[in-house]
Amino acid sequence: MTAPPATETIRPDANAAARAARVLAAGGLVAFPTETVYGLGADATNGEAVARLYEAKGRPAFNPLIAHVADAAAARSLAHFDPAAERLAAAFWPGPLTLVLPRRADCPVAELATAGLDTIAVRVPDHPVARAILSAFGRPVVAPSANRSGHVSPTTAQHVLADLRGRIELIVDGGPTPMGLESTIVACLDRPMLLRPGALPRTEIERLVPLAEPPANAGASGDAAPIAPGQLASHYAPRARLRLDAQRVEAGEALLAFGPVPAQGGGRSALALNLSPRGDLIEAAANLFSHLRTLDASGAAVIAVMPVPHEGLGEAINDRLMRAAAPRA
Ligand code: TXA
Ligand code: MG
């Protein structure tokens with residue numbers, strides 16, 4: 001599916017969930033209501049679908065996404081739950097609570113969806129339409145709020161249409177969302193920590209577990225000032241040094257290539273992987289974090305990175321590459 005020509009809006013009738021599941025399975029994008037705001041869903045296990053989702057939203061960078069699942073059992077197959085996480089899930093799922101947890105080694109969610117981090121945000125929404133879609137699909141669905149990047153979160157199908165018409169395949173119109181405010185995000189990594197205030201009040205959570213204060217600057221709400229994941233679990237950082245805009249490869253370097261034109265000296269590289277031999281930025285985004293990890297694991301001290309054009313998803317790809325190349329503190 002490239003360049004969706006039209007955006008269809010359907011009512012949440014008996015066939016809607018199966019229809020949405022088919023679109024998701026084909027790599028398409030489906031907006032649907034949750035109890036908080038409308039989400040823009042993609043198959044979390046399909047890296048190219050996730051790349052298309054970032055493109056449709058016009059995200060300037062690859063923010064990590066929330067994986068939505070039908071129940072806590074499905075969430076446990078993605079992430080490790082400590083006792084605090086178990087207590088919160090038992091009390092508030094389904095509902096407007098997102099937990100940031102250590103990602104399981106066998107978690108099938110595409111690395112792009114978690115921005116290469118070792119943590120993953122998971123949530124079990126409580127809305128009949130969202131639940132029906134998640135049950136029909138049977139796999140995790142990543143769903144940021146269904147607005148263009150920088151706009152406010154949508155609480156009606158009309159808001160979604162105004163932002164995303166012609167950029168996504170399907171909208172399931174379930175009427176206005178009941179809460180209208182995004183989910184509360186709590187990280188259970190070391191000690192439970194409030195990352196984003198939201199529809200579930202802090203006091204409800206504190207009745208069950210104490211909440212540590214987030215690091216300075218974290219805890220902004222909504223899309224206006226999203227939490228930089230770097231404030232909690234640092235941005236994905238390879239051990240190797242990244243050499244950007246490389247036109248030629250030095251002996252012993254690993255190579256992250258892009259496009260059909262080979263790098264000079266490419267034959268000397270310790271290991272070479274191409275983000276997209278045909279120069280497609282959606283394919284490149286889908287491969288970005290997994291290729292970086294594989295090259296890093298080769299043990300090379302330096303990863304030479306060929307230039308990636310700055311248009312479309314290239315802006316977000318270059319943003320991540322620059323962060324990965326920045327000197328560590
Ligand atoms: O109510 C909601 O949560 C809605 C509905 C659709 O479920 N979704 C939503 O997603 O608000 P989004 O992408 O607009 O906001 C998700 C927030 C972002 O600020 C992101 O940085 C943070 O969650 N996040 C996701 N994964 C994270 C992680 N591993 N560590 C820290 N923050 C994370
Ligand atoms: Mg948002």
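Read-outs throughout are calculated quantities, based only on the coordinates presented, and are distinct from any laboratory measurement. Remember, it's a predicted structure, so these values are computed and weren't measured experimentally. No Cβ is skipped: glycine too gets one built from the backbone with ideal geometry, and neighbour counts run over all protein chains shown.
Computed quantities for the displayed model
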| item | result |
| --- | --- |
| Two-decimal Rg/Rh across region 66-132, once Rg and the Kirkwood Rh are taken from alpha-carbon atoms | 0.95 |
| CD proxy at 222 nm, helix term only [per DSSP H run n ≥ 4: -39500 (n - 2.57); per residue of the chain; nearest 500] | -8000 deg cm²/dmol |
| Arg191-Arg323 FRET efficiency (beta carbon distance; Förster radius 22 Å; 0.05 resolution) | 0.25 |
| Shape category assigned to region 255-312 from the gyration tensor of Cα positions, a/c cut at 1.5 | oblate |
| Label point distance in nm, Ser135-Ala6, each placed 7 Å from Cα along Cα→Cβ | 3.1 |
| Region 114-127 - phi-based ³J(HN,Hα) in whole Hz, Karplus 6.51/-1.76/1.60, Gly and Pro as x | 9, 6, x, 6, 8, 10, 9, 8, 10, 8, 10, x, 10, 8 |
| Percent RCO, i.e. relative contact order, over region 172-213, from Cα pairs under 8 Å lying at least 6 residues apart | 33 |
| Estimated inter-spin distance, Ser290 and Ala25, nm [label 7 Å along Cα→Cβ] | 2.1 |
| Amide H partners (placed H, <5 Å) of Ser276, local residues excluded | Gly259 |
| Whole-number percent relative contact order across region 12-70, with pairs defined as alpha carbons under 8 Å at least 6 apart | 21 |
| For the chain, size of Cβ-based charge dipole, Lys and Arg +1, Asp and Glu -1, in debye | 340 |
| Gap separating the Cα centres of region 294-320 and region 52-67, nearest whole Å | 18 |
| √(5λ) per eigenvalue of the Cα gyration tensor, region 30-183, largest first, Å | 23, 18, 13 |
| Listed residues Asn46, Asn287, Asn15, most fluctuating in the chain (Gaussian network, C-alpha, under 10 Å) | Asn15 |
| Relative contact order of the chain, defined on C-alpha pairs under 8 angstrom at six or more residues apart (%) | 21 |
| Ala110 long-range amide H proximity, modeled H, under 5 Å | Thr45, Asn46 |
| Segment Glu86-Arg165, extension gain: residue separation times 0.36 nm, minus the distance between their alpha carbons | 24.5 nm |
| Part-to-part distance (alpha-carbon centres) for region 23-41 and region 146-182, which is given in Å | 10 |
| Integer Hz, Karplus 6.51/-1.76/1.60 couplings in order for region 203-210, x for Gly and Pro | 4, 4, 6, 5, 5, 9, 9, x |
| Cα-derived Rg over Rh, computed across the chain with Rh taken as Kirkwood radius | 0.98 |
